[in-house]
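The values are calculated or read from the model by the stated rules, or taken from the named source; none is laboratory data. Just so it is clear, the structure is predicted and the values come from calculations on it, not from any experiment. Because the Cβ atoms are built from the backbone with ideal geometry, glycine has one as well, and the counts that use them run over all protein chains shown. Accessible surface areas use protein heavy atoms only, side chains included; no ligands, DNA or RNA. Shrake-Rupley method; radii C 1.70, N 1.55, O 1.52, S 1.80 Å.
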Amino acid sequence: MTLDMPASTGRPIRKVIILDEEGIKRTLDRMAHEILERNGGPQGLAFIGIKTRGVYLAQRLRDIIASSEGEKAPLGSLDITLYRDDLDVLQSKLVVGETSVDFDPSGRRIVLVDDVLFTGRTIRAALDEIMDLGRPAVVYLAVLIDRGHRELPICADFVGKSAPTSRDEAIEVRLKESDGVDEVLLLGGSAA
């Protein structure tokens, strides 16, 4: 579905819903089963979400696996602010949040979860932070959307949906926990 929305320039911006609530649910169900298959079951898994929406997605994936396997994996959250590679540029605008990983990642099979994979810089920062916490056996990367435009050699193990974009387009993930609705939008370009 394509919708027009006003832009600050006065020209309408194209807004395309690429995943709705049911689409997100089906996608996460599939991803959870792919994680189980790759790992050979739920043994040794732990989920770490990148704040903010990655945490909600990690919790949903963990809960899907728990409901089918009867085993609830540990769940943690990362705030990668202090691990960013552009701290010198953004230092006056930074807001540092809390990292909460209440388990030792050493020897575990970590599923690192984020909403959108873009340049790869957020994932690099998250990997650095995880390694400061311990040495996992494996780190799998699960993302709801892969939009391309990588600047670092990072590839997701589990991708909900590939959504190739241009640099002037944006992907917006909205989740019930933070936004009151489940949907993924492609924003950008002219609707005219």
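Dividing the summed helix terms, -39500 (n - 2.57) for each DSSP H run of n ≥ 4, by the number of residues in the chain produces a 222 nm estimate of -9000 deg cm²/dmol to the nearest 500.
Atom-type composition of the exposed protein surface of the chain places 48 percent of the accessible area on carbon and sulfur (1.4 angstrom probe). The packing ranking, built from the mean of other Cβ atoms within 10 Å per residue, places the peptides 42-55, 141-154 in the order 42-55, 141-154, highest first.
Of the labelled figures [x] 12; [y] 16; [z] 25, only one reflects percent of Cα pairs over 32 Å apart as derived from the coordinates, namely [y].
In a reduced charge model with +1 at each Lys and Arg Cβ and -1 at each Asp and Glu Cβ, the chain shows a dipole moment near 300 debye about its Cα centre. The value of relative contact order for region 42-86, using C-alpha pairs under 8 Å at least six residues apart, is 46 percent. Projecting the Cα atoms of 18, 50, 126 onto the charge dipole of the chain, computed from C-beta unit charges around the Cα centre, puts 18 farthest toward the positive end. Amide H contacts under 5 Å for residue 140: 110, 111, 112, restricted to partners 5 or more places along the chain or on a different chain, H placed in the peptide plane at 1.01 Å from N. With the simple model of a label 7 Å out from the Cα in the direction of the Cβ, residue 43 to residue 72 spans 2.3 nm. Secondary structure note: in the chain, about 45% of the DSSP beta bridges are antiparallel. Listed by chain and number, the lysines whose alpha-carbon sits under 21 Å from that of residue 176, ignoring those within fewer than 8 places in the same chain, are 15, 25, 51, 161.
Per residue, how much accessible area does the chain show when a 1.4 Å probe rolls over the protein heavy atoms, in square angstrom? Please list the in-between numbers first.
Numbers: 9770 Å² over 192 residues.
Here the per-residue accessible area is 51 Å².
Region 19-73 and region 105-159 have Cα centres spaced 15 Å apart. Rounded to the nearest 0.05, the FRET efficiency derived from the C-beta distance between residue 21 and residue 100 at R0 = 35 Å is 0.80.
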